[in-house]
Structure formats: C-alpha cells, structure tokens
Amino acid sequence: HKGLSAAAQCESIKAKLLSGFAVRRAAYGVMRTAMEGGAKGCEVIVSGKLRAARAKAQKFTDGFMIHSGQPSKDFIDYAVRHVEMKQGVLGIKVKIMLPTDERGVFGPKKTLPDAVTIIEPKDEDYIAHPVSEIIRAEEPVAAAA
C-alpha cells in the first residue's frame, strides 16, 4: 500500500511543496494518507527556511511511534528527501510505524514485544461441599525368587 511507504510519502510532500502547497497542509495530507492506510503512527519533520529568513524545523506527529530498540528497526519505515526551493533547501523526514501483519505484506510478521494477549479462564465445576480423596499407597511387590 502506498500509504505505508515512507519513500512514497516523502516524494509526495516534495511534489506538493514544489507545486506551491503550504508546508502544514502538505504534511497533514501525508499523515492522513498514512494513517488511513493502516499505519500505527506517522511523523513528518520539515526543516529549513520555511517562510522567514531564519531556518526552523516543524514536526508533525500522529498515532503511536516507538523510537528505541530492535522494534524501531523492525516496525519503522524511514525516508529522507531534500527539496530545492527558491529560498533554499528544505529537508523532509518521514517515519511511518507499520502495523503487525501475519502475512508479512503490509508490515512485519512479528508482534511488538510488549503486546499482551489475555486468555479467558476455563469454566470450573461448581463444588457444593469439600470432598477429600483417599489416596492409597501402592503395596510393594514381593520379589520373585
């Protein structure tokens, strides 16, 4: 799915910015596309001279995003692009947290290590009164002579 590809979303922002879209509108459009595509989370960072002479960075986030450990390598799709504008170069970073997919098509087959599944307890028989069981010790077998 195109919405779960960070590279495709980065190119989409690049095209929108070159065609004259506002930075905020382009970033929110990409985040909406990624989240509707089934992503768990999305982060877009645009840095450079956005409207004024002073450079700054704007970060747009939505959903759940992990930043450390092995799951960040497994679940995060990351892309960086540079856009040459009239005022200077803008940097675009897009991070998309992929969902767990059993088939491995839209995301990794693994689950997050902190994912918890709750198993319903089995129904137990109702005990009206306590019952004691008599356990007999086995009698020793006489040795054959």
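From the list 24, 54, 32, the lone residue that is at pLDDT 90 or above, surrounded by fewer than 14 Cβ atoms within 10 Å (Cβ to Cβ) and in a loop (DSSP other than H, G, I, E, B) is 54.
Scan the stretch 1-53 residue by residue and report those that are among the acidic types (Asp, Glu) and within 21 Å of residue 105 (Cα to Cα). Matches in the stretch 1-53: 36 only.
Here is a list of conditions, (1) more than 30 Å from residue 3 (Cβ to Cβ); (2) modelled with pLDDT of 75 or more, and residue 117 meets all of them except one; can you say which number that is? Evaluating residue 117 over (1) more than 30 Å from residue 3 (Cβ to Cβ); (2) modelled with pLDDT of 75 or more leaves (1) as the failure. Out of curiosity, is residue 94 under 30 Å from residue 19 (Cβ atoms) and touching a Cys at 6+ places or on another chain (Cβ under 6 Å)? For residue 94, the condition - under 30 Å from residue 19 (Cβ atoms) and touching a Cys at 6+ places or on another chain (Cβ under 6 Å) - is met. Within the stretch 71-100, residues that are within 18 Å of residue 12 (Cβ to Cβ) reach partners that are among the basic types (Lys, Arg) and open to solvent by less than 50 Å² (accessible area, probe 1.4 Å) with beta carbons closer than 9 Å, at six or more positions or on different chains, in the pairs 77/95; 78/95; 79/95. Considering (1) in contact (Cβ under 8 Å) with a residue 24 or more places away in the chain; (2) open to solvent by less than 100 Å² (accessible area, probe 1.4 Å), the lone condition that residue 113 does not fulfil carries the number (2). The set of residues in the stretch 15-43 that are of a type in the set (D, E, K, R), closer than 21 Å to residue 56 by Cα and out of contact with any strand residue (DSSP E or B) (no Cβ under 9 Å at 6 or more places or on another chain) comprises 16, 25. Restricting 30, 23 to residues that are closer than 30 Å to residue 101 by Cα and aliphatic (A, V, I, L, M) narrows the list to 30. Residues that are among the hydrophobic types (A, V, I, L, M, F, W, C), more than 10 Å from the chain's Cα centre (by Cα), surrounded by 14 or more Cβ atoms within 10 Å (Cβ to Cβ) and in a strand (DSSP E or B) within the stretch 60-106 comprise 60, 79, 83, 90, 92, 94, listed in sequence order. Does residue 123 count as of a type outside the set (Val, Ile, Thr) and not in a strand (DSSP E or B)? Yes.
Residue 107 meets all of the listed conditions (1) at pLDDT 90 or above; (2) touching an Asp or Glu at 6+ places or on another chain (Cβ under 7 Å) but one, namely (1).
The values are calculated or read from the model by the stated rules, or taken from the named source; none is laboratory data. Here the structure is a predicted model, which means the values were calculated and not measured. As a convention, Cβ positions derive from the backbone with ideal geometry for all residues, glycine included, and neighbour counts pool all protein chains shown. The protein model used for the area step is the full one, side chains on, heavy atoms only, and it has no ligands, DNA or RNA in it. Shrake-Rupley method; radii C 1.70, N 1.55, O 1.52, S 1.80 Å.
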